[in-house]
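Below you'll find the structure, written out as C-alpha cells, and then a few comments.
The values are calculated or read from the model by the stated rules, or taken from the named source; none is laboratory data. Quick caveat: nothing in here was measured; it's all calculated off a predicted structure. Positions of Cβ are backbone-derived with ideal geometry, glycine not excepted, and every protein chain shown enters the neighbour counts. Note: areas computed on protein heavy atoms with side chains; ligands, DNA, RNA excluded. Shrake-Rupley method; radii C 1.70, N 1.55, O 1.52, S 1.80 Å.
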Amino acid sequence: MPKKDKHKPSPPSVRDALRVPVGAPVDLSSYAADATPLGPRDKERGVAATALLADPLAGLQERLYAASTAGDHRRLLLVLQGMDTSGKGGTVKHVIGLFNPSGCRIRAFKAPTEEERAHSFLWRITKALPEAGEIGIFDRSHYEDVLIGRVRELAPPQEIERRYDQINNFERSLTDSGVTIVKVFLHISYEKQQQRLLERLDNPEKYWKFNPGDIEERALWPAYQEAYEIALERCSTPAAPWYLVPADRKWYRNWAISSLLLEHLTALDPQYPKADFDIEECRRRLLAEAPDVTAG
C-alpha cells in the first residue's frame with residue numbers, strides 16, 4: 001500500500017471557493033451568476049451529488065441536537081439574502097428539506113410590523129434565533145435594514161451607516177455564544193431574474209408568487225447591487241464571513257449551500273453524549289422475565 005503524501009495539499013473547500021474576501025471591496029459584476037466555481041459541472045451530476053449529502057447532513061444534525069441535551073449550547077444559523085427569484089424559498093425547500101424539520105427553526109422576514117418598528121431593527125431578529133442544538137434559517141434577515149433601507153431611504157443615511165457596525169457587533173456576540181453563522185448571498189443575474197418572473201406569469205399556479213412591485217424593484221437593480229456590495233464588504237468578518245453562491249443554476253445553488261452546511265457542521269463535530277445511567281443494569285432489567293400481561 002503506497003504511503004500517504006503528508007505534503008500533498010488538501011482539496012479546496014467550498015468555504016474557501018465561495019467566501020467573500022474579508023475587508024476587500026466587492027464588485028458583483030466580476031462574479032458570474034451562472035458560474036460553477038467548484039464541484040459538479042452539470043445538472044445531472046449536481047443533483048446526484050446533492051442527494052448524496054442528505055445522510056451525512058441528517059447525521060450531523062442529529063448529533064448537534066443530541067449534544068444539546070447534555071449542555072452543548074452550539075447551534076447553526078443560515079442567513080439567506082438575494083434579489084427576488086434568487087432562490088431563498090427554493091433553498092429552504094430543497095436544501096433544508098434534507099434535515100429533520102423538528103430540529104430546524106425557519107423564519108421568513110417580511111416588512112416589519114408596527115410592533116417591530118417600535119423596537120431596534122435587531123429586536124425581531126433576536127426573537128427568531130435558533131436554540132441550542134437547532135439549525136436556524138433566515139429567509140431575508142437583519143440585512144434588509146441596510147439593503148432596502150438604503151435603496152428606499154427608509155432611514156437617514158447616518159442611521160444606515162451605524163447599522164453596519166451594529167450588525168457586526170451583533171454577529172460577533174452570537175458567534176461568541178456558540179452560534180455558527182453561515183451567510184449566503186444568492187447571486188442572480190438581471191436576465192435570469194426576468195426569465196423567472198416571466199415564468200411565474202406564464203403559470204397560473206405561480207401567480208401567487210408574483211408581485212407587481214417586483215417590476216418596480218427591477219428598475220432599482222443598480223442601486224440594490226451597490227447596496228449588496230457595501231453590505232458584503234462592510235459585514236464580511238472572520239467570525240461571520242459572507243459566501244457568494246452563483247444562483248442562476250438552481251441545481252448548483254442547492255449543491256453549494258448543502259456543501260457549505262456540511263463543511264460547517266463537520267467542523268463543529270458535535271458528539272453524542274455518553275450514557276449517564278448503568279447500561280448493563282438497564283439491559284438486565286429489559287431482558288428479565290416479564291409479567292404475564294395476558295392473565296385475567
**Report entry** Qualifying residues in the range 115-133 (those that are within 13 Å of LEU77 (Cβ to Cβ) and touching a helix residue (DSSP H, G or I) at 6+ places or on another chain (Cβ under 6 Å)) - the one most open to solvent (accessible area, probe 1.4 Å)
**Finding:** ALA132
Requested in this report: Take the range 95-119 and flag every residue that is under 12 Å from the mean Cα position of the chain (by Cα) and of a type outside the set (A, V, I, L, M, F, W, C).
Outcome: ARG105, ARG107
Query raised in the report: Just wondering, is there one or more residues in the range 206-227 that are out of contact with any strand residue (DSSP E or B) (no Cβ under 7 Å at 6 or more places or on another chain), at pLDDT below 95 and of a type in the set (S, T, N, Q)?
Result: yes
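Tally time: how many residues in the range 228-274 are aromatic (Phe, Trp, Tyr) and under 24 Å from ASN168 (Cα atoms)?
In the first step, residues of the range 228-274 are kept if they are aromatic (Phe, Trp, Tyr); the result is 228, 242-243, 251-252, 255, 272.
Imposing the further condition that a residue be under 24 Å from ASN168 (Cα atoms) reduces the set to 228, 242-243.
So the count comes out to 3.
Any residue at all in the range 59-68 that's farther than 26 Å from LYS209 by Cα and at pLDDT below 95?
Taking the range 59-68 and keeping what is farther than 26 Å from LYS209 by Cα, we get 59-68.
Among the residues that remain, those that are also at pLDDT below 95 are: none.
Within the range 59-68, not a single residue is farther than 26 Å from LYS209 by Cα and at pLDDT below 95.
Those residues that are within 24 Å of PRO238 (Cα to Cα), free of Cβ contacts under 8 Å to residues at least 60 places away in the same chain and open to solvent by 60 Å² or more (accessible area, probe 1.4 Å), I need them from the range 7-28; list them, please.
Applying the first criterion (within 24 Å of PRO238 (Cα to Cα)) to the range 7-28 yields 9-28.
Adding the requirement that they be free of Cβ contacts under 8 Å to residues at least 60 places away in the same chain leaves 9-12, 16-17.
Residues satisfying the conditions are PRO9, SER10, PRO11, PRO12, ASP16.
Would you say PHE170 is modelled with pLDDT of 95 or more and within 17 Å of TYR224 (Cα to Cα)? If you could, list the steps in order and put the result at the bottom.
Values: modelled with pLDDT of 95 or more: yes; within 17 Å of TYR224 (Cα to Cα): no.
Criteria not met by PHE170.
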Requested in this report: Consider only pairs whose beta carbons are under 9 Å apart and that are at least six residues apart or on different chains; among these, list those whose first residue lies in the range 39-68 and is closer than 15 Å to GLY103 by Cα and touching a residue at least 40 places away in the same chain (Cβ under 8 Å) and whose second residue is open to solvent by 30 Å² or more (accessible area, probe 1.4 Å) and among the basic types (Lys, Arg).
Outcome: LEU64/ARG74; LEU64/ARG75; ALA67/ARG74; SER68/ARG74; SER68/ARG75
Report summary line: Over the range 159-176, the set of residues under 25 Å from VAL14 (Cα atoms) and open to solvent by 60 Å² or more (accessible area, probe 1.4 Å) is ARG172, ASP176
Report task. Report those helices (runs of 4 or more DSSP H) wholly inside the range 33-114 carrying at least 2 residues which are farther than 24 Å from ALA227 by Cβ and either open to solvent by less than 30 Å² (accessible area, probe 1.4 Å) or touching a helix residue (DSSP H, G or I) at 6+ places or on another chain (Cβ under 8 Å) (or both). Result -> 43-52, 54-68
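Under the condition of being under 30 Å from LEU53 (Cβ atoms) and touching a helix residue (DSSP H, G or I) at 6+ places or on another chain (Cβ under 8 Å), which residue from the range 139-158 is most open to solvent (accessible area, probe 1.4 Å)? Walk me through it before giving the result.
Residues of the range 139-158 under 30 Å from LEU53 (Cβ atoms): 139-144, 147.
If we keep only those that are touching a helix residue (DSSP H, G or I) at 6+ places or on another chain (Cβ under 8 Å) as well, we get 139-143, 147.
On the way: ASP139: 32, ARG140: 57, SER141: 0, HIS142: 4, TYR143: 1, LEU147: 4 Å².
Here the answer is ARG140.
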